[in-house]
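Student: Structure provided below as C-alpha coordinates; questions to follow.
The values are calculated or read from the model by the stated rules, or taken from the named source; none is laboratory data. The model shown is predicted, which means the values in this text are computed figures rather than measured ones. Backbone-built Cβ (ideal geometry, glycine too); neighbour counts: all protein chains shown.
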Amino acid sequence: MPKEFQNLITIELPVPVRQKPNGVFEARLRKFGLNLAVSSKDYEKLKPKFLAALTSCKLPTSQEEPAEPAGAPLFETVARRWFELKRPTVKRGTITFYESLFRASLLPAFAGRSIDGIRQSDIQSVINDYIEAGKPRTATKVFQTLKAVFDFAVGDDLLEKSPMRLMKPPKYEEKNGCALTRAEERELIELIRESNCAPEVKSALLFLLYTGIRRSELASARIEGEFISVLCSKLRKGYQERRRLIPVTPMLARWLPEMDLDAMRTVNPNALTQAMKRLMPSHHLHELRHTFITRAQECSVPREVVSVWAGHAADGTQTSNVYTHFGKEFMLKEGRKVIYNL
(Lines give C-alpha, C1' and ligand atoms only; values in the text may rest on other atoms or scores of the structure.)
Protein backbone atom coordinates (compact mmCIF):
# COMPACT_ATOMS: atom_id res chain seq x y z
CA MET A 1 0.00 0.00 0.00
CA PRO A 2 1.39 3.49 -0.78
CA LYS A 3 2.94 5.12 2.28
CA GLU A 4 0.69 8.16 2.12
CA PHE A 5 -2.38 5.93 2.64
CA GLN A 6 -1.01 3.77 5.44
CA ASN A 7 -1.94 6.24 8.16
CA LEU A 8 -5.40 6.84 6.71
CA ILE A 9 -6.89 3.40 6.13
CA THR A 10 -6.90 1.65 9.49
CA ILE A 11 -8.91 -0.81 11.50
CA GLU A 12 -10.82 2.16 12.92
CA LEU A 13 -11.58 3.36 9.38
CA PRO A 14 -12.23 0.22 7.32
CA VAL A 15 -13.01 0.33 3.62
CA PRO A 16 -16.73 -0.57 3.28
CA VAL A 17 -17.52 -3.69 1.27
CA ARG A 18 -21.00 -4.62 0.11
CA GLN A 19 -22.49 -7.42 -1.93
CA LYS A 20 -24.89 -6.31 -4.65
CA PRO A 21 -28.09 -8.24 -5.46
CA ASN A 22 -26.30 -9.83 -8.44
CA GLY A 23 -23.71 -11.34 -6.08
CA VAL A 24 -20.83 -9.01 -7.01
CA PHE A 25 -18.73 -7.65 -4.14
CA GLU A 26 -17.83 -3.97 -4.19
CA ALA A 27 -15.34 -1.96 -2.12
CA ARG A 28 -15.75 1.82 -2.09
CA LEU A 29 -13.69 4.68 -0.72
CA ARG A 30 -15.15 8.17 -0.76
CA LYS A 31 -12.84 10.15 1.45
CA PHE A 32 -9.74 12.31 1.23
CA GLY A 33 -10.92 13.64 -2.15
CA LEU A 34 -11.04 10.14 -3.62
CA ASN A 35 -13.98 8.40 -5.25
CA LEU A 36 -12.80 4.84 -5.73
CA ALA A 37 -15.02 1.80 -6.39
CA VAL A 38 -13.74 -1.70 -7.23
CA SER A 39 -15.86 -4.79 -7.90
CA SER A 40 -15.19 -8.52 -8.07
CA LYS A 41 -17.29 -11.66 -8.15
CA ASP A 42 -14.65 -13.35 -5.97
CA TYR A 43 -14.38 -11.87 -2.47
CA GLU A 44 -10.81 -13.14 -2.02
CA LYS A 45 -9.70 -11.30 -5.14
CA LEU A 46 -11.39 -8.05 -4.13
CA LYS A 47 -8.69 -6.90 -1.66
CA PRO A 48 -5.66 -7.17 -3.99
CA LYS A 49 -7.71 -5.64 -6.80
CA PHE A 50 -8.68 -2.73 -4.56
CA LEU A 51 -5.10 -2.17 -3.36
CA ALA A 52 -3.88 -2.19 -6.95
CA ALA A 53 -6.43 0.48 -7.87
CA LEU A 54 -5.52 2.46 -4.75
CA THR A 55 -1.84 2.32 -5.62
CA SER A 56 -2.54 4.02 -8.93
CA CYS A 57 -4.38 6.87 -7.21
CA LYS A 58 -2.83 10.12 -6.12
CA LEU A 59 -3.87 11.57 -2.79
CA PRO A 60 -4.79 15.25 -3.27
CA THR A 61 -2.72 17.70 -1.24
CA SER A 62 -4.20 20.61 0.67
CA GLN A 63 -3.31 22.87 -2.28
CA GLU A 64 -5.10 20.68 -4.84
CA GLU A 65 -8.80 20.61 -5.56
CA PRO A 66 -10.35 17.15 -5.07
CA ALA A 67 -11.57 15.48 -8.25
CA GLU A 68 -15.04 15.30 -6.70
CA PRO A 69 -16.41 16.62 -3.41
CA ALA A 70 -16.42 14.03 -0.65
CA GLY A 71 -19.75 12.54 0.33
CA ALA A 72 -22.97 11.90 -1.55
CA PRO A 73 -24.52 14.54 -3.84
CA LEU A 74 -27.33 16.81 -2.75
CA PHE A 75 -30.93 15.63 -2.99
CA GLU A 76 -31.60 18.48 -5.40
CA THR A 77 -28.82 17.31 -7.74
CA VAL A 78 -30.11 13.74 -7.83
CA ALA A 79 -33.75 14.82 -8.19
CA ARG A 80 -32.95 17.11 -11.11
CA ARG A 81 -30.93 14.36 -12.77
CA TRP A 82 -33.83 11.91 -12.40
CA PHE A 83 -36.23 14.50 -13.78
CA GLU A 84 -34.07 15.32 -16.80
CA LEU A 85 -33.74 11.63 -17.67
CA LYS A 86 -37.49 11.17 -17.32
CA ARG A 87 -38.41 14.30 -19.30
CA PRO A 88 -38.14 12.75 -22.82
CA THR A 89 -40.53 9.94 -21.87
CA VAL A 90 -43.48 11.99 -20.59
CA LYS A 91 -45.91 14.46 -22.10
CA ARG A 92 -45.82 18.20 -21.57
CA GLY A 93 -48.64 18.22 -19.03
CA THR A 94 -46.82 15.67 -16.87
CA ILE A 95 -43.62 17.70 -17.11
CA THR A 96 -45.48 20.79 -15.90
CA PHE A 97 -46.86 18.80 -12.97
CA TYR A 98 -43.41 17.56 -11.90
CA GLU A 99 -41.90 21.03 -12.24
CA SER A 100 -44.60 22.45 -9.98
CA LEU A 101 -44.25 19.64 -7.44
CA PHE A 102 -40.47 20.05 -7.22
CA ARG A 103 -40.65 23.82 -6.98
CA ALA A 104 -43.42 23.99 -4.37
CA SER A 105 -42.86 20.86 -2.29
CA LEU A 106 -39.77 18.73 -2.72
CA LEU A 107 -36.83 21.08 -3.20
CA PRO A 108 -37.80 23.42 -0.31
CA ALA A 109 -38.32 20.43 2.00
CA PHE A 110 -34.83 18.99 1.40
CA ALA A 111 -32.82 22.08 0.50
CA GLY A 112 -29.11 21.62 1.19
CA ARG A 113 -29.54 17.98 2.26
CA SER A 114 -27.33 15.24 0.83
CA ILE A 115 -29.16 12.29 -0.67
CA ASP A 116 -27.72 9.89 1.91
CA GLY A 117 -28.58 12.17 4.83
CA ILE A 118 -32.35 11.99 4.39
CA ARG A 119 -34.10 9.54 6.68
CA GLN A 120 -37.48 7.84 6.59
CA SER A 121 -38.67 10.09 9.42
CA ASP A 122 -37.78 13.21 7.38
CA ILE A 123 -39.88 12.01 4.46
CA GLN A 124 -42.77 10.92 6.67
CA SER A 125 -42.80 14.37 8.29
CA VAL A 126 -43.16 16.07 4.88
CA ILE A 127 -45.97 13.72 3.88
CA ASN A 128 -47.74 14.16 7.23
CA ASP A 129 -47.74 17.94 6.76
CA TYR A 130 -49.80 17.55 3.58
CA ILE A 131 -52.16 15.04 5.16
CA GLU A 132 -52.75 17.33 8.16
CA ALA A 133 -53.35 20.23 5.76
CA GLY A 134 -56.16 18.23 4.15
CA LYS A 135 -54.22 17.51 0.94
CA PRO A 136 -54.08 13.71 0.73
CA ARG A 137 -53.79 13.72 -3.06
CA THR A 138 -50.66 15.92 -2.90
CA ALA A 139 -49.28 13.68 -0.15
CA THR A 140 -49.72 10.67 -2.43
CA LYS A 141 -48.02 12.41 -5.36
CA VAL A 142 -45.10 13.46 -3.10
CA PHE A 143 -44.72 9.87 -1.91
CA GLN A 144 -44.75 8.46 -5.46
CA THR A 145 -42.24 11.00 -6.75
CA LEU A 146 -39.84 10.66 -3.84
CA LYS A 147 -39.93 6.88 -4.15
CA ALA A 148 -38.94 7.18 -7.81
CA VAL A 149 -36.09 9.58 -6.98
CA PHE A 150 -34.66 7.39 -4.21
CA ASP A 151 -35.02 4.23 -6.31
CA PHE A 152 -33.07 6.05 -9.02
CA ALA A 153 -30.37 6.94 -6.47
CA VAL A 154 -30.07 3.29 -5.43
CA GLY A 155 -29.91 2.17 -9.04
CA ASP A 156 -27.16 4.72 -9.70
CA ASP A 157 -25.15 3.45 -6.70
CA LEU A 158 -25.55 6.71 -4.79
CA LEU A 159 -27.35 4.89 -1.96
CA GLU A 160 -27.26 1.34 -0.68
CA LYS A 161 -30.90 1.37 0.42
CA SER A 162 -33.83 3.68 -0.13
CA PRO A 163 -35.15 5.34 3.04
CA MET A 164 -38.62 4.66 1.64
CA ARG A 165 -38.29 0.90 1.34
CA LEU A 166 -40.37 0.26 4.49
CA MET A 167 -42.80 3.14 4.04
CA LYS A 168 -46.39 2.65 2.96
CA PRO A 169 -48.12 5.10 0.64
CA PRO A 170 -50.68 7.48 2.16
CA LYS A 171 -54.27 6.37 1.95
CA TYR A 172 -56.11 8.42 -0.61
CA GLU A 173 -59.44 7.56 -2.16
CA GLU A 174 -59.74 9.35 -5.46
CA LYS A 175 -63.08 10.98 -6.13
CA ASN A 176 -64.24 9.51 -9.41
CA GLY A 177 -67.36 11.63 -9.71
CA CYS A 178 -70.79 10.50 -10.88
CA ALA A 179 -73.21 11.05 -13.71
CA LEU A 180 -75.77 13.83 -13.57
CA THR A 181 -79.34 12.67 -13.09
CA ARG A 182 -81.71 13.48 -15.93
CA ALA A 183 -83.21 16.25 -13.81
CA GLU A 184 -79.73 17.68 -13.22
CA GLU A 185 -78.93 17.39 -16.91
CA ARG A 186 -82.06 19.36 -17.76
CA GLU A 187 -81.16 21.94 -15.11
CA LEU A 188 -77.62 22.28 -16.49
CA ILE A 189 -78.89 22.91 -20.01
CA GLU A 190 -81.14 25.72 -18.74
CA LEU A 191 -78.27 27.21 -16.71
CA ILE A 192 -75.99 27.13 -19.74
CA ARG A 193 -78.57 28.83 -21.95
CA GLU A 194 -79.31 31.57 -19.39
CA SER A 195 -75.69 32.19 -18.37
CA ASN A 196 -73.53 35.08 -19.55
CA CYS A 197 -70.78 32.70 -20.66
CA ALA A 198 -69.23 33.27 -24.08
CA PRO A 199 -71.09 31.42 -26.88
CA GLU A 200 -68.13 29.13 -27.54
CA VAL A 201 -67.99 28.16 -23.84
CA LYS A 202 -71.71 27.35 -23.81
CA SER A 203 -71.36 25.25 -26.94
CA ALA A 204 -68.27 23.49 -25.61
CA LEU A 205 -70.06 22.44 -22.41
CA LEU A 206 -72.92 20.95 -24.40
CA PHE A 207 -70.48 19.33 -26.80
CA LEU A 208 -68.66 17.60 -23.92
CA LEU A 209 -71.99 16.53 -22.43
CA TYR A 210 -73.14 14.81 -25.64
CA THR A 211 -69.85 13.32 -26.85
CA GLY A 212 -68.18 12.30 -23.57
CA ILE A 213 -64.77 13.52 -24.71
CA ARG A 214 -62.19 14.81 -22.23
CA ARG A 215 -61.66 18.56 -22.00
CA SER A 216 -58.08 18.07 -23.27
CA GLU A 217 -59.45 16.43 -26.43
CA LEU A 218 -61.69 19.34 -27.47
CA ALA A 219 -58.92 21.12 -29.39
CA SER A 220 -58.52 18.09 -31.68
CA ALA A 221 -62.24 17.53 -32.34
CA ARG A 222 -63.57 17.69 -35.88
CA ILE A 223 -66.65 16.58 -37.74
CA GLU A 224 -66.26 13.72 -40.22
CA GLY A 225 -69.63 13.08 -41.82
CA GLU A 226 -71.88 11.52 -39.20
CA PHE A 227 -69.06 11.15 -36.69
CA ILE A 228 -67.06 13.28 -34.30
CA SER A 229 -63.34 12.50 -34.56
CA VAL A 230 -60.92 13.25 -31.70
CA LEU A 231 -57.32 12.47 -30.82
CA CYS A 232 -57.03 10.35 -27.69
CA SER A 233 -55.26 12.43 -25.04
CA LYS A 234 -54.34 9.51 -22.78
CA LEU A 235 -51.63 7.96 -24.95
CA ARG A 236 -48.17 7.77 -23.41
CA LYS A 237 -45.41 9.75 -25.05
CA GLY A 238 -43.78 7.78 -27.82
CA TYR A 239 -46.97 5.97 -28.81
CA GLN A 240 -48.53 6.72 -32.17
CA GLU A 241 -51.39 9.20 -32.02
CA ARG A 242 -54.73 7.73 -32.95
CA ARG A 243 -58.18 9.13 -33.57
CA ARG A 244 -61.39 7.60 -32.36
CA LEU A 245 -64.85 8.09 -33.79
CA ILE A 246 -67.98 8.93 -31.83
CA PRO A 247 -71.27 8.88 -33.74
CA VAL A 248 -73.37 12.04 -33.79
CA THR A 249 -76.21 10.90 -31.55
CA PRO A 250 -79.73 12.37 -31.75
CA MET A 251 -79.00 14.26 -28.50
CA LEU A 252 -75.97 15.98 -30.04
CA ALA A 253 -77.65 16.50 -33.41
CA ARG A 254 -80.16 18.87 -31.76
CA TRP A 255 -77.40 21.29 -30.80
CA LEU A 256 -74.81 20.79 -33.52
CA PRO A 257 -76.24 23.39 -35.98
CA GLU A 258 -75.77 26.10 -33.31
CA MET A 259 -72.17 25.14 -32.53
CA ASP A 260 -69.06 26.78 -33.98
CA LEU A 261 -66.52 23.97 -33.69
CA ASP A 262 -63.63 26.18 -34.81
CA ALA A 263 -64.36 28.63 -31.98
CA MET A 264 -64.85 25.83 -29.46
CA ARG A 265 -61.43 24.39 -30.23
CA THR A 266 -59.80 27.61 -29.01
CA VAL A 267 -61.47 27.58 -25.57
CA ASN A 268 -59.05 27.19 -22.66
CA PRO A 269 -59.91 23.94 -20.83
CA ASN A 270 -59.60 25.77 -17.50
CA ALA A 271 -62.32 28.18 -18.59
CA LEU A 272 -64.66 25.21 -19.04
CA THR A 273 -63.80 23.83 -15.60
CA GLN A 274 -64.48 27.21 -14.00
CA ALA A 275 -67.73 27.70 -15.92
CA MET A 276 -69.02 24.30 -14.79
CA LYS A 277 -68.07 25.12 -11.20
CA ARG A 278 -70.04 28.39 -11.36
CA LEU A 279 -73.09 26.79 -12.96
CA MET A 280 -73.25 23.64 -10.81
CA PRO A 281 -70.96 23.91 -7.78
CA SER A 282 -71.83 20.38 -6.63
CA HIS A 283 -70.49 18.83 -9.84
CA HIS A 284 -67.27 19.09 -11.82
CA LEU A 285 -66.57 19.17 -15.56
CA HIS A 286 -65.39 15.57 -15.88
CA GLU A 287 -68.82 14.42 -14.74
CA LEU A 288 -70.16 15.40 -18.16
CA ARG A 289 -68.11 12.47 -19.47
CA HIS A 290 -69.62 10.22 -16.78
CA THR A 291 -73.06 11.39 -17.88
CA PHE A 292 -72.58 10.62 -21.58
CA ILE A 293 -71.19 7.14 -20.85
CA THR A 294 -74.02 6.41 -18.41
CA ARG A 295 -76.79 7.63 -20.73
CA ALA A 296 -75.44 5.61 -23.64
CA GLN A 297 -75.59 2.42 -21.57
CA GLU A 298 -79.03 3.35 -20.24
CA CYS A 299 -80.09 3.52 -23.88
CA SER A 300 -78.96 -0.11 -24.36
CA VAL A 301 -75.68 0.57 -26.16
CA PRO A 302 -73.35 -2.36 -25.35
CA ARG A 303 -70.61 -1.56 -22.86
CA GLU A 304 -67.89 -2.61 -25.32
CA VAL A 305 -69.17 -0.08 -27.87
CA VAL A 306 -69.40 2.72 -25.31
CA SER A 307 -65.83 1.91 -24.27
CA VAL A 308 -64.65 2.46 -27.84
CA TRP A 309 -66.44 5.83 -27.96
CA ALA A 310 -64.87 6.81 -24.64
CA GLY A 311 -61.37 5.74 -25.70
CA HIS A 312 -61.16 2.97 -23.09
CA ALA A 313 -60.12 -0.66 -23.45
CA ALA A 314 -63.32 -2.65 -23.94
CA ASP A 315 -62.37 -5.18 -21.29
CA GLY A 316 -59.39 -7.26 -20.24
CA THR A 317 -59.70 -9.83 -23.01
CA GLN A 318 -57.58 -10.05 -26.12
CA THR A 319 -60.73 -10.76 -28.11
CA SER A 320 -62.21 -7.33 -27.35
CA ASN A 321 -59.05 -5.24 -27.18
CA VAL A 322 -57.18 -6.63 -30.18
CA TYR A 323 -59.45 -8.55 -32.50
CA THR A 324 -62.79 -6.71 -32.33
CA HIS A 325 -63.26 -3.87 -34.84
CA PHE A 326 -66.73 -2.35 -34.99
CA GLY A 327 -67.80 -1.12 -38.41
CA LYS A 328 -69.08 2.42 -39.00
CA GLU A 329 -72.60 1.32 -39.91
CA PHE A 330 -72.84 -0.67 -36.72
CA MET A 331 -71.51 2.28 -34.69
CA LEU A 332 -74.05 4.64 -36.29
CA LYS A 333 -76.86 2.22 -35.53
CA GLU A 334 -75.81 2.08 -31.89
CA GLY A 335 -75.41 5.88 -31.79
CA ARG A 336 -79.04 6.35 -32.91
CA LYS A 337 -80.15 4.59 -29.72
CA VAL A 338 -78.88 7.49 -27.60
CA ILE A 339 -82.08 9.48 -27.43
CA TYR A 340 -84.06 10.15 -24.27
CA ASN A 341 -86.43 12.61 -22.64
CA LEU A 342 -85.33 15.10 -20.01
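Student: Counting only residues that are assigned to a helix (DSSP H, G or I), modelled with pLDDT of 85 or more and surrounded by fewer than 16 Cβ atoms within 10 Å (Cβ to Cβ), how many does the range 298-342 have?
Tutor: Residues flagged as assigned to a helix (DSSP H, G or I), modelled with pLDDT of 85 or more and surrounded by fewer than 16 Cβ atoms within 10 Å (Cβ to Cβ) within the range 298-342 amount to 6.
Student: Give the residue that is surrounded by the most Cβ atoms within 10 Å (Cβ to Cβ), with candidates limited to residues of the range 114-148 that are at pLDDT below 90 and touching a Phe, Trp or Tyr at 6+ places or on another chain (Cβ under 7 Å).
Tutor: Only one residue fits best here, namely THR138.
Student: Next question. For the range 92-111, give me the residue count where each residue is in a loop (DSSP other than H, G, I, E, B) and surrounded by 15 or more Cβ atoms within 10 Å (Cβ to Cβ).
Tutor: Number of matching residues: 1.
Student: May I pose another question? Can you tell me which residue is modelled with the lowest pLDDT among those in the range 155-187 that are closer than 26 Å to GLU76 by Cβ and surrounded by 15 or more Cβ atoms within 10 Å (Cβ to Cβ)?
Tutor: Step by step, filter the range 155-187, then rank; the result is PRO170.
Student: Given the options MET276, MET251, name the one that is at pLDDT 95 or above and either exposed (fewer than 13 other Cβ atoms within 10 Å of the Cβ) or within 29 Å of the chain's Cα centre (by Cα) (or both).
Tutor: The conditions single out MET276.
Student: Part of a helix (DSSP H, G or I), hydroxyl-bearing (Ser, Thr, Tyr) and modelled with pLDDT of 95 or more: does that describe THR291?
Tutor: Criteria met by THR291.
Student: Which members of the range 193-235 meet the condition of being polar (S, T, N, Q), in a loop (DSSP other than H, G, I, E, B) and within 28 Å of the chain's Cα centre (by Cα)?
Tutor: Once the filter is applied, which keeps residues that are polar (S, T, N, Q), in a loop (DSSP other than H, G, I, E, B) and within 28 Å of the chain's Cα centre (by Cα), the range 193-235 yields THR211, SER233.
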